[in-house]
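Everything below concerns the one structure shown next.
The values are calculated or read from the model by the stated rules, or taken from the named source; none is laboratory data. The shown structure was predicted, so the numbers you read here are calculated from the model rather than taken from an experiment. Glycine gets a Cβ as well: all are built from the backbone with ideal geometry, and neighbour counts include every protein chain shown.
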């Protein structure tokens, strides 16, 4: 189970439909590419940490400026590469593909370069499995952010971070491919690296405006040999709109059927050619707002939040044991009491548990203001100057239930538990009481994050000599984030108001005594009692708002040189040898500075230590592509490709990655292809230098649910007894969360991987417009950088499967878990494999009626993970990690049916996800061990209508037509799984859009 970090320019003329469909694997829809820019029709760790009290819902590489072409598509398969022809007249009907005669396809088509290679070929095919998504396909879904769209694709996994995950994400959204984790996918903009969000350690998809996207290319194969580290699961190349010569304004609004999550978007661009088309300036701006959703506004998430999954319904627990009036555990008798809010105590009953569900956010509230500028000037064939900048100011807001007070963790010297003395006023139990209390007097916790991200790039490219071309660029990127959380509380001030002082000051294990005059001499301090609510003045004194800051910088010098025709093979029907080579020097630095009170452990929220560090790397790469045969018998095309990259890091040394591929088309109708290569992921800054962080991870104390372990229950009971815990009467205070210490490890070594793919692409001439492909893929990763899941650690300890992990579990004297230690380390290996089947069929039935069918299908064949070096492999095929948030469905599918009738169009979209069996990280639950142990298959249906009138384009649609709710999952967060089923969280969603070109 991949663990997510809880810390926190031109292009050549049009290609044939069959060639393009073969390249894309058949996914991109017919007439999908619009030619208006932003037109209306057109695991590993990061910094964020889970907070206590609620569980986590946890320019092209070698552009040619000598080819006159514009960004177009045939049969809906986009091969847009950012730049279009200067002075080209733009299509004002973006939903209707522009028609070109067959003779428009010329030999200049070789200038297309697709993600996965630095070279192009005369027939524009590739052995790499690349999926191409068009701007129309994104916008017809009504997606407000790129993240919302990507979640539809079967290859996009649930081990990323998405907008329905509100605990500890600070409004960021991070992509995951193949469920291999968000740090194992490389996200590029226009073929080159871009600034990441320093707070979340990923490229934040919420900061990239949807309307600015021209297309997205997804390399579903390792890419470290060409792009460097992090491209383990693949590469996502987001291509923005450039080189425009018109203007557009687009407006969009949306709302759910529940009347919330109001969304608004306004975008505009203007492009100018100058100096007779030798230069161009394009400016783009947008503003997006998303209102968010509260759990209280959904019937399935507002109450009865189930935090465990026992076999017997009578043992089910709902909500949190930490209540606004306090929950108290007897130090002598182990009795449990609840405060009545009037200065007294009552015996604990399950009806007194606290429902935190209706106090929390279900979907983040977001705002994003973006600006981009792009310019180029063609001096001559040998020198073209270009520059671009992309700036984003994103804010987010999310809410959680009021802060609990439980005690401290290192480095704090304040009490690690709050034990009320026997003689404390109002304690009539005759014994000392350990207190857990939810500070509703402070109000709900509200986290607001503001992130400024900018990436600037300038460079030069052109012809060198005899077909050799160059591209030299320098990129600077930075992000600055500030996070503010209110309602956190100052631990020392709260203890002062309660009159609780340490017998031995500075000793976190010290007993406490009562001081009736503890507020003397402290302005604003109000003497209070733990058994009564704080007054407003007392709450004001002890409340606290935290402010944390992070800063990230990227510097990247990049030189790329290529020649597609270095030499022609001397034999009959021989092809050309193409060579590309280059170098790159990149440096990244990151600092994260939490609030001083948070760093010291003096607040009531999670303790987080500061992080600071960086690395630099110098790399060189080479690629050779040889067409052995062309237009020969049984070899319409036979091409081999080899790529290699040498990297020298200042942190761990050097590494070498390689890749080989073959592409064989015996006839024009069928093509076979295969790749094999290696990959690398260096430890990131948080993993190497991250300070220790306290995270409240979703997990349950085995001693509080011993009966749920089936045949292993007796061992759990016995091991709990060794700790002095009676599993039959013990009540855990965790409420579905366990405090977990996480952090970096400077001794980490890189992950290494090997990936291979093979498949076939069929484009039969006798069925015009049809393209289909099948691809088998396999990933093997070793020395996985991650930490063991909290549930795995405690289960391995108390079931006896790995007693050595008991050393990582620390309990207080009353038996409650104080902390579990789960620092980053190189764990074992990971193997996963599957099949992709893509289908694209476009056919015309009348002069004005065209139908399209697109289908993108993924069948997962295996997913095995070795959690400890040398240990056994766990088979997680078909598993839903109901406590950790990710899932491995065997089947996923995304289908689009389209009908274009003149100016009118309709698109029906369907998403399918197979059912899954629940897994706690160690074993699958069964009917004999748990009350609920699986979720059903889920289907979401959407529809979009479009109409073009002169310069105007209109669009409207409904997502989740049936208004289907997500399935029940005992997640201890919201009764479902936000990472897997987040698209159902909104309910039925309506949107309208209008835009005009001029």
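What are the pairs, 6+ residues apart or on separate chains, where a residue within the range 332-348 that is surrounded by 12 or more Cβ atoms within 10 Å (Cβ to Cβ) has its Cβ under 6 Å from a residue that is assigned to a loop (DSSP other than H, G, I, E, B) and at pLDDT below 90?
336/731
Does residue 271 satisfy being part of a strand (DSSP E or B), over 28 Å from residue 957 (Cα atoms) and either in contact with a strand residue (DSSP E or B) (Cβ under 8 Å, 6 or more places away or on another chain) or at pLDDT below 95 (or both)? Step through it out loud before you land on a result.
Values: part of a strand (DSSP E or B): yes; over 28 Å from residue 957 (Cα atoms): yes; either in contact with a strand residue (DSSP E or B) (Cβ under 8 Å, 6 or more places away or on another chain) or at pLDDT below 95 (or both): yes.
So residue 271 fits the description; yes.
Any idea how many residues of the range 232-249 are over 30 Å from residue 117 (Cα atoms) and in contact with a helix residue (DSSP H, G or I) (Cβ under 6 Å, 6 or more places away or on another chain)? Full working, then the answer.
Here is the first cut: in the range 232-249, the ones over 30 Å from residue 117 (Cα atoms) are 246-249.
Retained after the next criterion (residues that are in contact with a helix residue (DSSP H, G or I) (Cβ under 6 Å, 6 or more places away or on another chain)): none.
Residues meeting the conditions: 0.
Filter the range 701-743 down to the residues that are modelled with pLDDT under 90, touching a helix residue (DSSP H, G or I) at 6+ places or on another chain (Cβ under 7 Å) and assigned to a loop (DSSP other than H, G, I, E, B) and list them by number.
Across the range 701-743, the qualifying residues are 727, 730, 731, 732.
Using the structure shown, decide if residue 618 is in a strand (DSSP E or B) and within 20 Å of residue 775 (Cβ to Cβ). Walk me through how you get there before you give the answer.
Working: in a strand (DSSP E or B): yes; within 20 Å of residue 775 (Cβ to Cβ): no.
In short, no.
Residues 675, 611: which one is at pLDDT 95 or above and crowded, with 24+ Cβ neighbours inside 10 Å? Working first, answer last.
Details: 611 fails: at pLDDT 95 or above.
After applying the criteria, what remains is 675.
With the condition kept exactly as written, say whether any residue in the range 399-406 is part of a strand (DSSP E or B), in contact with a helix residue (DSSP H, G or I) (Cβ under 9 Å, 6 or more places away or on another chain) and over 24 Å from residue 819 (Cα atoms).
Pass one, the range 399-406, residues part of a strand (DSSP E or B): 399-400, 404-405.
In the following step, the residues that additionally are in contact with a helix residue (DSSP H, G or I) (Cβ under 9 Å, 6 or more places away or on another chain) were identified as 399-400, 405.
Narrowing the set further to residues that are over 24 Å from residue 819 (Cα atoms) leaves 399.
Within the range 399-406 (the criterion being part of a strand (DSSP E or B), in contact with a helix residue (DSSP H, G or I) (Cβ under 9 Å, 6 or more places away or on another chain) and over 24 Å from residue 819 (Cα atoms)), the answer is yes, since at least one residue qualifies.
I'd like to know if the range 622-636 contains one or more residues that are modelled with pLDDT of 95 or more, on the phi < 0 side of the Ramachandran plot and within 29 Å of the chain's Cα centre (by Cα).
No - not one qualifying residue is present in the range 622-636.
Taking the range 932-946, which residues are buried (at least 18 other Cβ atoms within 10 Å of the Cβ) and either in contact with a helix residue (DSSP H, G or I) (Cβ under 9 Å, 6 or more places away or on another chain) or farther than 30 Å from residue 698 by Cα (or both)?
935, 938, 940, 942, 944, 946
Please identify the pairs in which a residue from the range 276-288 that is at pLDDT 95 or above has its Cβ atom under 9 Å from the Cβ atom of a residue that is surrounded by fewer than 16 Cβ atoms within 10 Å (Cβ to Cβ) and not in a strand (DSSP E or B), counting only partners at least 6 apart or on another chain.
Going by the 9 Å Cβ cut-off, the qualifying pairs are 280/87.
Taking the stated definitions as given, is residue 964 over 22 Å from residue 697 (Cα atoms), surrounded by fewer than 20 Cβ atoms within 10 Å (Cβ to Cβ) and within 24 Å of the chain's Cα centre (by Cα)?
Values: over 22 Å from residue 697 (Cα atoms): yes; surrounded by fewer than 20 Cβ atoms within 10 Å (Cβ to Cβ): yes; within 24 Å of the chain's Cα centre (by Cα): yes.
Yes; evaluated as a whole, the condition is true for this residue.
If I ask for residues that are in a loop (DSSP other than H, G, I, E, B), within 30 Å of residue 805 (Cβ to Cβ) and modelled with pLDDT of 90 or more, which ones from the range 887-925 would you list?
Just the residues of the range 887-925 that are in a loop (DSSP other than H, G, I, E, B), to begin with: 888-890, 902-903, 914-915, 920-923, 925.
Of the ones still in play, those that are also within 30 Å of residue 805 (Cβ to Cβ) are 888-889, 920-923, 925.
Correct list: 888, 889, 925.
If the Cβ limit is 6 Å and pairs must be 6+ apart or interchain, which residue in the range 124-140 that is surrounded by fewer than 24 Cβ atoms within 10 Å (Cβ to Cβ) pairs with which residue that is modelled with pLDDT under 90 and assigned to a helix (DSSP H, G or I)?
That search, which allows pairs on different chains as well, returns 124/19; 124/109; 125/22; 125/23.
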